[in-house]
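Q: Provided herewith is a single structure, encoded as structure tokens, for subsequent inquiry.
Coordinate-derived values only; no laboratory data. Since this is a predicted model, take the numbers as computed values, not measurements. Backbone-built Cβ (ideal geometry, glycine too); neighbour counts: all protein chains shown.
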Amino acid sequence: MAVAADGSLTLDPAEGVTSAVVRALAEGAAPPPPFSARAFAPLPPVPPGERAVAVDQTNRSVIAGETVVVKWFPRPSRAPHPAPGLLSHLAGFTRTARPYAALYWEDALVALVTAYLPGARDGWEWCVDEAVAGRTGFAAEIGRLAAELHLAMATPSEVFPDPVRHSSPAAWAGRAEEALREALTLTDGEDGAWLAGRAGALRRELAPLIGAGPSPLIRIHGDLHVGQILRWSGGYAVVDFDGNPTVTGADAYQPAARDLAQLSTSVDHAGRVAVRRRSADPDATAAWAASARSSLEAAYADALAGGGRAELLDLSLLRPFEVEQECRELIYAARHLPRWRYVPMGVLRSWYP
């Protein structure tokens with residue numbers, strides 16, 4: 001662990017550290033100070049060996065002994081992290097990778113240890129495959145998964161005994177406008193000029209947030225896209241409860257529609273990837289995305305209603321949150337992954353020809 005003069009932290013675990021850490025945790029050994037561990041469940045025996053997960057991601061994940069995954073945070077923050085509390089609250093929710101432990105350096109979360117799901121592939125792989133093949137059967141399944149997650153979030157626990165709140169939506173419009181302004185500032189070149197020319201249309205899409213009424217609020221996933229949905233030998237599982245990397249200081253309780261908007265638009269993103277990287281037909285892929293999104297949203301609403309919590313979804317918020325999310329995708333591209341910009345720009349160009 002390196003500590004800069006300004007107090008910021010940098011973590012770069014060497015090869016073998018992951019295996020050593022999980023073996024120590026499995027044996028009940030406490031990490032050396034100033035490290036500490038918060039246990040969620042006993043670790044199973046972990047065989048020797050480790051391998052890194054070779055996908056684009058902000059963090060670094062390492063599979064130890066084909067049994068557990070340790071997700072290291074290369075730039076740990078001393079700010080409160082949402083994942084440990086959410087994972088504790090979701091102790092009875094079985095459609096995620098089972099959490100085993102959280103590792104801290106003083107007050108900064110440095111790693112999460114969860115179960116490894118055999119054969120797991122994230123949505124930037126399996127959903128792109130579905131786009132290329134034109135299959136939409138997955139959409140209803142992940143729509144139900146998202147609803148089941150929100151039903152679990154809305155169920156009281158010792159961690160969150162009052163998990164559903166109602167409050168003024170006054171901050172939503174300001175948050176969305178800030179995202180639009182930042183996207184306009186950070187997006188340069190031809191894309192930036194095009195975006196500036198559609199700023200008025202984008203603001204009109206966000207306008208319903210100004211007059212929105214009170215809506216039920218829950219602890220949402222916060223970064224729910226297909227990349228966070230693993231397809232594995234046991235079906236589908238949602239992972240990575242780290243929150244949105246482009247948002248700081250937001251209320252932890254948000255409308256369920258915010259998660260749904262991001263998940264639904266990410267299906268369209270997978271289609272954009274299929275066109276760019278797999279030479280999928282653009283028109284057929286656009287039709288695929290529209291059909292899949294419709295099926296996903298319908299299944300989500302049906303599952304919420306079946307769970308007796310239809311009121312958790314405020315449909316009037318869905319479109320404004322979709323627009324805000326595309327702005328956040330542009331922010332993410334500018335800050336973390338410039339080559340990603342073609343994805344949100346492709347979606348926005350299809351919305352505002």
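Q: In the chain, with Lys and Arg counted as +1 and Asp and Glu as -1 at Cβ, which of these residues, GLY227, LEU112, PRO320, has the Cα nearest the positive end of the dipole, that is, farthest along it?
A: Farthest along the dipole direction, towards plus: GLY227.
Q: Just to be sure I understand the model, the point goes 7 Å from the Cα along the line to the Cβ. What's the resulting SER279 to ALA170 distance in nm?
A: Taking the simple label geometry, SER279 and ALA170 are separated by 5.7 nm.
Q: Charges only on Cβ, +1 for Lys and Arg, -1 for Asp and Glu: so what's the dipole of segment 2-115 about the Cα centre, in debye to the nearest 20?
A: 320
Q: Count charges around PRO76 for me, please; just the other residues with Cβ under 13 Å from its Cβ, Lys/Arg as +1, Asp/Glu as -1.
A: 0
Q: Counting other beta carbons within 10 Å of each residue's own, what order do ILE220, ILE63, ILE331 fall into, fewest first?
A: Neighbour counts put them in this order, fewest first: ILE63, ILE331, ILE220.
Q: Here's something else I'd like to know. Charges at C-beta only: +1 for Lys and Arg, -1 for Asp and Glu. How large is the resulting dipole of the chain about its Cα centre, in Debye rounded to 20?
A: Charge dipole of the chain: 200 debye, to the nearest 20.
Q: In deg cm²/dmol and to the nearest 500, what is the mean residue ellipticity at 222 nm of the chain if only DSSP H runs of at least 4 residues count, each as -39500 (n - 2.57), divided by the residue total?
A: On the way: 11 runs with 156 residues, N = 353.
After summing the helix terms and dividing by residue count, I get -14500 deg cm²/dmol.
Q: Using a Gaussian network model of the chain whose springs link C-alpha atoms within less than 10 Å, name the residue from PRO34, PRO214, PRO338 with the highest mean-square fluctuation.
A: With Cα springs under 10 Å in the chain, the top fluctuation among PRO34, PRO214, PRO338 is at PRO34.
Q: Now for a different question. So what are the ³J(HN,Hα) numbers for segment 256-264, from phi and the Karplus equation (6.51, -1.76, 1.60; θ = phi - 60°), rounded to whole Hz, Gly and Pro as x?
A: 4, 4, 5, 5, 4, 4, 5, 5, 5
Q: Fewest first, what order do THR96, THR18, THR67, THR10 take by the number of other Cβ atoms within 10 Å? Numbers along the way, then the final one.
A: Numbers: THR96 23, THR18 26, THR67 18, THR10 11.
Starting with the residue having the fewest Cβ neighbours, the order is THR10, THR67, THR96, THR18.
Q: From the phi angles alone, apply the Karplus equation (6.51, -1.76, 1.60; θ = phi - 60°) to segment 315-328 and give each ³J(HN,Hα) in whole Hz, x where the residue is Gly or Pro.
A: Ordered by residue, 3J(HN,Hα) equals 5, 5, 8, 5, 5, x, 5, 5, 5, 4, 5, 5, 4, 5 Hz.
Q: Still on this structure, please answer the following. Segment 310-339 to segment 64-125: how many Å between their Cα centroids?
A: Distance between centres, Cα-based: 24 Å.
Q: Here's something else I'd like to know. Could you check which residue among SER264, SER233, SER291 shows the biggest mean-square fluctuation in a GNM of the chain with a 10 Å Cα cutoff?
A: Judging by the Gaussian network model, the answer is SER233.
Q: Additional query: Rounded, prolate or oblate: pick one for segment 21-88, where a ≥ b ≥ c are the square roots of the eigenvalues of its C-alpha gyration tensor, a/c under 1.5 means rounded, and failing that, prolate if a/b is larger than b/c, else oblate.
A: Oblate, because a/c is 1.5 or more while a/b does not exceed b/c.
Q: Which net charge results for the neighbourhood of GLN228, defined as the other residues with beta-carbon distances under 9 angstrom from its beta-carbon, given Lys and Arg at +1 and Asp and Glu at -1?
A: Details: positive: none; negative: ASP122, ASP223, ASP240.
Local charge sum for GLN228: -3.
Q: State, to one decimal in nm², a quarter of the convex hull surface area for the C-alpha atoms of segment 121-351, i.e. the direction-averaged projected area.
A: The orientation-averaged projected area of the Cα hull of segment 121-351 comes to 12.4 nm².
Q: Just to confirm a number: summing +1 for Lys and Arg and -1 for Asp and Glu over residues other than LEU217 whose beta-carbon lies under 9 angstrom from that of LEU217, what do you get?
A: Net charge in that neighbourhood comes out at +1.
Q: What are the ³J(HN,Hα) couplings of segment 85-100, residue after residue, when phi is run through the Karplus curve with 6.51, -1.76, 1.60 and θ = phi - 60°? Round to Hz, x for glycine and proline.
A: Coupling constants for segment 85-100: x, 5, 5, 5, 4, 8, 4, x, 8, 8, 9, 9, 5, 4, x, 10 Hz.
Q: For segment 2-115, what does the convex hull of the Cα positions come to per residue, in cubic angstrom?
A: Expressed per residue, the convex hull around the Cα atoms of segment 2-115 is 109 Å³.
Q: Mind checking which of GLU329, GLU125, GLU311 has the largest fluctuation in a GNM of the chain, springs on alpha carbons under 10 Å?
A: Between GLU329, GLU125, GLU311, it is GLU311 that shows the largest mean-square fluctuation.
Q: When the Cα centres of segment 223-247 and segment 168-191 are compared, how far apart do they sit, in Å?
A: Segment 223-247 and segment 168-191 have Cα centres separated by 24 Å.
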